[in-house]
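Worksheet for the structure shown next.
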Amino acid sequence: MGSQPNSSHAIVLRQIIYGESDLIVSMLSAEHGIIRGFAHGGRRSVKRFGSALAPFSSIDVRWQASRSDLLTFLDADLCCAREALRHSALRLGLAYYGVELLEMLLNPGESQPHFFRLLQGYLDALAEDQNPRQARLLFELRLVQQLGYIPHLLHCSDCFVQFNHTPVAFDPARGGSLCPACAKDTQTLHVALGTLGSLSRALHTEIGLFRGFKLGERTLDEGAMILAQVLTNILPRQSKSLRFLAQITSFDAS
């Protein structure tokens, strides 16, 4: 007898065409983390899958274990397609970027409720025409926090003195922000104390909340530089999605 089917709410991460009608699909479930499996007839079966397996869709899915490392997806019901993402190259690229970071940094099969809420809020923000630069910054910031890599922001990472001056030196390789004495003779990025304060406050909100923020241009610029350095230190390889995003000259909402 075969194993009993499992079911879960999930977000489709990506799909790969396999043969004439099958798909290999990756999903993120709060309870089961990243799961991968075959959707036999997934390209043609309207009754079992319909359009539910499109990337970035929220779905209710059933699956069964198989003899291989890949599960067998039995059927899926579409809950939210986030179709608006496909109307903007920038927002679509940022959605793939977020998915790629999670695939590089999470271990498959582990319960990931915080990352599930983070991705859900991020994709909703992009689909709902919120500021894409701000959405990306909040996503990256919360991602590294959940992974345990968030650097010291409002005090020196070496001597732990609190800052009362601006700009502040920042070096992720040394733990984050540095006071002038500790940053002496070090090649570092310098950012405004206000930027660090805004990032710190953003970390004290619900992980899936992207509405209600209004970060200034300086915070967005300097925050992007900070997170780029932090991610460079922790990613196993360069993000392929960044090559596409680099071709887009403006991060203004499309």
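The values are calculated or read from the model by the stated rules, or taken from the named source; none is laboratory data. Because the structure is a prediction, the values reported are computed rather than measured. Reconstructed Cβ throughout: ideal geometry from the backbone, glycine too, with neighbour counts over all protein chains shown.
Could you tell me whether any residue of the range 50-60 is closer than 29 Å to D129 by Cα, among the aromatic types (F, W, Y) and assigned to a loop (DSSP other than H, G, I, E, B)? Yes, there is a match, as at least one residue in the range 50-60 is closer than 29 Å to D129 by Cα, among the aromatic types (F, W, Y) and assigned to a loop (DSSP other than H, G, I, E, B). Taking the range 111-131 as the range and being buried (at least 20 other Cβ atoms within 10 Å of the Cβ) and in contact with a helix residue (DSSP H, G or I) (Cβ under 7 Å, 6 or more places away or on another chain) as the test, the residues that pass are F115, L118, L119, Y122, L123, A125, L126, A127.
Filter the range 1-25 for residues that are not acidic (D, E) and not in a strand (DSSP E or B); which is surrounded by the fewest Cβ atoms within 10 Å (Cβ to Cβ)? Out of the qualifying residues, it is M1. In this structure, Q162 does not qualify as in the same structural domain as L141 (by TED's automatic domain parsing), under 29 Å from F116 (Cβ atoms) and at pLDDT below 95.
When L105, L28 are checked against the criterion of being surrounded by 18 or more Cβ atoms within 10 Å (Cβ to Cβ) and in contact (Cβ under 8 Å) with a residue 12 or more places away in the chain, a single residue qualifies: L28.
Residue-by-condition table, conditions (1) loosely packed, with under 14 Cβ neighbours inside 10 Å; (2) outside any helix (DSSP H, G or I); (3) modelled with pLDDT of 95 or more:
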| residue | (1), (2), (3) |
| --- | --- |
| H204 | yes, yes, no |
| F210 | no, yes, yes |
| K214 | yes, yes, no |
| T219 | no, no, yes |
| Q229 | no, no, no |
| Q238 | yes, yes, no |
| L245 | no, no, no |
| S250 | yes, yes, no |
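Taken residue by residue, the range 99-115 has no member that is among the polar types (S, T, N, Q) and not assigned by TED's automatic domain parsing to the domain that holds R142. Is it fair to say R67 is at pLDDT below 90, of a type in the set (K, R), surrounded by fewer than 19 Cβ atoms within 10 Å (Cβ to Cβ) and outside the structural domain of G121 (by TED's automatic domain parsing)? Here the answer is yes, as R67 does meet what is asked.
Just one residue in the set R36, R44 is touching an Asp or Glu at 6+ places or on another chain (Cβ under 8 Å), outside any helix (DSSP H, G or I) and more than 29 Å from R211 (Cα to Cα); that residue is R36. Which pairs turn up if I take residues in the range 63-74 that are under 15 Å from G41 (Cα atoms) and look for partners that are surrounded by fewer than 18 Cβ atoms within 10 Å (Cβ to Cβ) and of a type in the set (A, V, I, L, M) with beta carbon separation below 8 Å, at least 6 apart in sequence or on another chain? These pairs meet every condition: W63/L74; L71/A65; T72/A65.
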